[in-house]
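Below: one structure, written as structure tokens.
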Amino acid sequence: MTLGVFVFLAVLSVISALGTVAQRNPVHCLLSLVVTLLTIAVMFLALDAVAVGFLQAIVYAGAIMVLFLFVIWLLNLQSELRSAPGYLALKASASVLFALLIAELCLLLWRAPSASGARQVTPPGYGSLDSLAKILFSDYLISFEVTSILLLAAIVGAVALARREPQQRPVGAAAALAARSRTGDEPPSATDPTARAESA
């Protein structure tokens, strides 16, 4: 992968990631996140990590994002109103966490091996579909199945949150008085518009 392609993909992923957290409409945020994940998948494919790239595109940008979209539709989320002031503690904690994330990223980049050293350390066939399938369904089989159960629980929870109890129509005072006057239990009130219309 050339430097120009990498810079273009990196800038696109950063812009779409900022759009994910900056937009108010949750559907637009989700679409920006899809663009971010697809850009990262293209980066993996350009770095010859074909299995990871296709898994990134199929699992995250495909299945997980569709699940998020269904949750947004089921919960009927509207655009977020950000006009309310405050949330100083939330902003301070977010700033501290962002600084820690930047420090961790700088530390990882400082200790990361060079490209030639990484090629020498990597064994042949590393990252292929055969080796990935063997590791996934042998060493990490329980984790894989627990993840599928968690996704199923998330779907059930979204449906349970989106389900609303049927609301009963409240009977107004005028309708109640009209029903009583028709049955003869109570004379129609002077404030009852139905009774006044019938008497007229």
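What follows is calculated from the coordinates using simple rules that are stated; it is not laboratory data. All figures in this text were calculated on a predicted structure; none of them were measured in a lab. Note that we place each Cβ from the backbone using ideal geometry, even for glycine, and neighbour counts take in every protein chain shown.
Note on M65, M1: ascending count of other Cβ atoms within 10 Å places them as M1, M65, the fewest first.
At an R0 of 30 angstrom, the distance between the Cβ atoms of F70 and S128 translates into a FRET efficiency of 0.35. Compared with the direct C-alpha span, the chain from V159 to D48 gains 36.0 nm at full extension, assuming 0.36 nm per residue. Efficiency by 1/(1 + (r/R0)^6): what FRET value for I142 and V7, r their Cβ-Cβ distance, R0 = 41 Å, to the nearest 0.05? Computed FRET efficiency for I142 and V7: 0.50.
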